[in-house]
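This report refers to the structure that appears directly beneath it.
The values are calculated or read from the model by the stated rules, or taken from the named source; none is laboratory data. Since the structure is predicted, the reported quantities are computational estimates derived from the model, not experimental observations. Because the Cβ atoms are built from the backbone with ideal geometry, glycine has one as well, and the counts that use them run over all protein chains shown. Accessible surface areas use protein heavy atoms only, side chains included; no ligands, DNA or RNA. Shrake-Rupley method; radii C 1.70, N 1.55, O 1.52, S 1.80 Å.
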Amino acid sequence: MEPTTITLHTRFQVGAVDPRIFGGFLEHMGRAVYEGVYDPTSAHADEHGFRSDVLAALRRLNMTAMRYPGGNFASGYHWLDGVGPRDRRPTVRELAWQSIEPNRFGTDEYIRLCRIMGWQPMITVNLGTGTPEEARNWVEYCNCPPGTRYADLRAANGSPDPYGVRLWCLGNEMDGPWQLGHVPADQYAIRAQQAAKMMKDADPGIELVACGSCTTGLPTYMEWDRVVLEYVGDLADYISLHRYVGNRGGDTADYLAVTNSVDRQIEEMDAACRFVQARRRSKKRAFLCFDEWNVWYKNQETDGGGKFAPHLIEEVYNLEDALVVAGFLHSFIRHADVVKIANLAQIVNVIAPIQTRGDDLLIQTIFYPFEMFARRRDGHSLRVGLSGPSYESKTYGRVHFLDASAIHAGDRLHLFLTNRSLDQTASVRVDVADREIAGLLDGDLLTGPDARAANSCEQPEVVMARPYSEVRIASGKASLELPPLSVAAFTLRLT
Ligand code: AHR
């Protein structure tokens, strides 16, 4: 393969990388909460009932904003069911996933978990079957000082100090006909506007995410976003977008090109935000909150059959999926000026980088790119000038074999590279136009025996990241060779 040249200039910045693009998502679904983060019966349970082995693995991902409690679950959830003495909390039928919800884990447990993990709480209110007032009451419960009903309830439940939850989502996927309480855009917009007003009246310091189009596939795509943004107006700080992708056609080259369409989805949603801002002649521009994203296509088990903690969508990930996860992260970094929050969906068992089996824990392939990127996230995203070989994909147009993103901070340059070639090594040369590359500080490389290779409890280390130091530095430039189907992340020192 012809070599690829990457040209950067430290002044050609896209924008500061918001650490919240390395967020996660914890839903009351399947075995994400129960048997995932929370399992008082596990040999690994700590004094709060959290699984210490799961938390130790999650800590390596260095996640930021943690969205909770759903997802589709949120649209049937009444938060008061999940607070107060555990033995008095109701067990309810959960309709989104046809499961049993005992409410053993609720707001207070979630906040405790966020504090232990250093996560920023991000709560999705129920705008499906809930009311704007119920949403406003939840803000009071979490954020107001004692002295009024719901703040006093929090204090009575053991937490006199407010939780200070800054990020709130105005419902979940309300454009989707599958959503409990789904309504047309104008009706959702009214509900969201009412909730937003009351929630900000309860705590003016919060930031709100309005529900945008959750897929590009619905006929309402873009029009939904226009209506919602126009109606909610300056009360919306962000609009959400979601994306789940997969290799349905069994064509790896095509699948790895899907990042083109992620770039495009971001740019289209941003265009909707700018269009509405212009029409409203507003100083305020809504930014993007990519609050669910991942690979999900193999396991479609979404019916819990009336059980507690059923095995739902426990996707097994392989090497090509890990490369696609890296592709999402490249795209978020390249769009750092507009994507301010993003949440990997989800964190354990349910379409997750980690799986539990009894007291065992498995690290899946997609864990590694997230870890490799999240360790090197501080700084400004740089425009990446890339010239090199490319191919025409069946579905997503032309892409370079090499996908890349870069973050710069002072004398450090973090570079992230994916070689999408199925069988060719990529020779890469890196040139920072206004600086000299002085050395390699550290690096990691993820690859595996073939595109479909996956880890299992029996063979847990088939696909994993390993330290990588094969970057040659000469005359202030760097060069390296990337094996086929691999992701590299490394930090260079600049003079
Ligand atoms: O993450 C699983 C589900 O996917 C979420 O509950 C929903 O929002 C999306 O459709």
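Figures for the structure shown
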read-out: Residue-count net charge about ALA210 - beta-carbon cut-off 9 Å; Lys, Arg +1, Asp, Glu -1; value: -2
read-out: Exposure of TRP178 as accessible area (Å², to 10), given a probe of 1.4 Å and all protein chains; value: 120
read-out: Estimated FRET transfer efficiency (ARG493, ARG88; beta-carbon r; R0 45 Å; 0.05); value: 0.20
read-out: Gyration tensor (alpha-carbon) shape descriptor, the range 10-94, a/c threshold 1.5; value: oblate
read-out: Distance in nm between pseudo-label sites at ASP186 and HIS311 (7 Å out along the Cβ direction from Cα); value: 4.8
read-out: Average Cα contact separation per residue, the range 342-398, under 8 Å, 6 or more apart, as relative contact order %; value: 15
read-out: Mean accessible surface per residue for the chain, computed with a 1.4 Å probe while every protein chain stays in place, in Å²; value: 37
read-out: Rounded to whole Hz, the Karplus (6.51, -1.76, 1.60) HN-Hα couplings of the range 111-117, x for glycine and proline; value: 5, 4, 4, 4, 5, 4, 8
read-out: Full-stretch length increase - GLU470, LEU441 - with 0.36 nm per residue and alpha-carbon distance subtracted; value: 9.3 nm
read-out: Sulfur and carbon atoms: percent of accessible area, the range 1-159 [1.4 Å]; value: 49
read-out: √(5λ) per eigenvalue of the Cα gyration tensor, the range 287-441, largest first, Å; value: 33, 18, 15
read-out: Accessible area (Å², 1.4 Å probe, nearest 10) - CYS214; value: 10
read-out: Beta bridges by DSSP in the chain, antiparallel share as percent, to the nearest 5; value: 60
read-out: Karplus 3J(HN,Hα) series, Hz, for the range 427-440 with 6.51 cos²θ - 1.76 cosθ + 1.60 (x for Gly, Pro); value: 8, 10, 10, 10, 10, 9, 4, 9, 9, 9, 7, 9, x, 9
read-out: Computed over the chain: relative contact order in percent, which uses C-alpha pairs under 8 Å that are six or more apart; value: 20
read-out: Cβ-derived FRET efficiency at R0 60 Å, HIS48 paired with THR425, nearest 0.05; value: 0.80
read-out: Alpha carbon centroid spacing (whole Å) that separates the range 238-306 from the range 438-493; value: 27
read-out: Accessible carbon and sulfur surface of the range 223-311 relative to its total accessible area, %, 1.4 Å; value: 48
read-out: Cα pair count fraction exceeding 12 Å, expressed as % - the range 195-244; value: 63
read-out: Global form of the range 452-493, assessed from the alpha-carbon gyration tensor, a/c cut-off 1.5; value: prolate
read-out: Under 5 Å, built H, 5+ apart or other chain: amide partners of SER421; value: LEU485
read-out: Phi-based couplings in Hz for the range 198-204 (Karplus 6.51, -1.76, 1.60; Gly and Pro marked x); value: 5, 5, 6, 5, 6, 8, x
read-out: Under 5 Å, built H, 5+ apart or other chain: amide partners of TRP293; value: ARG243, ASN343, ALA345
read-out: Candidate lysines for bridging to LYS197, where Cα separation is under 28 Å - those fewer than 8 sequence places away on the same chain excluded; value: LYS283, LYS284, LYS340
read-out: The range 67-154: mean projected area of Cα convex hull, nm²; value: 5.9
read-out: Which of GLY176, LEU229, TYR110, positive extreme of dipole for the chain (C-beta unit charges); value: LEU229
read-out: Residue-averaged 222 nm ellipticity for the chain, from DSSP H runs of 4+ at -39500 (n - 2.57), nearest 500; value: -7500 deg cm²/dmol
read-out: Fraction of accessible area attributable to carbon and sulfur, the range 407-495 (%, probe 1.4 Å); value: 46
read-out: Inter-centroid distance (Cα atoms) of the range 138-204 relative to the range 1-73, Å; value: 23
read-out: Shape call, the range 345-384: gyration tensor on alpha carbons, a/c limit 1.5; value: prolate
read-out: Percentage relative contact order, the range 53-186, counting C-alpha pairs under 8 Å, at least six apart; value: 28
read-out: Directionally averaged projected area (convex hull, Cα atoms, the chain), nm²; value: 22.5
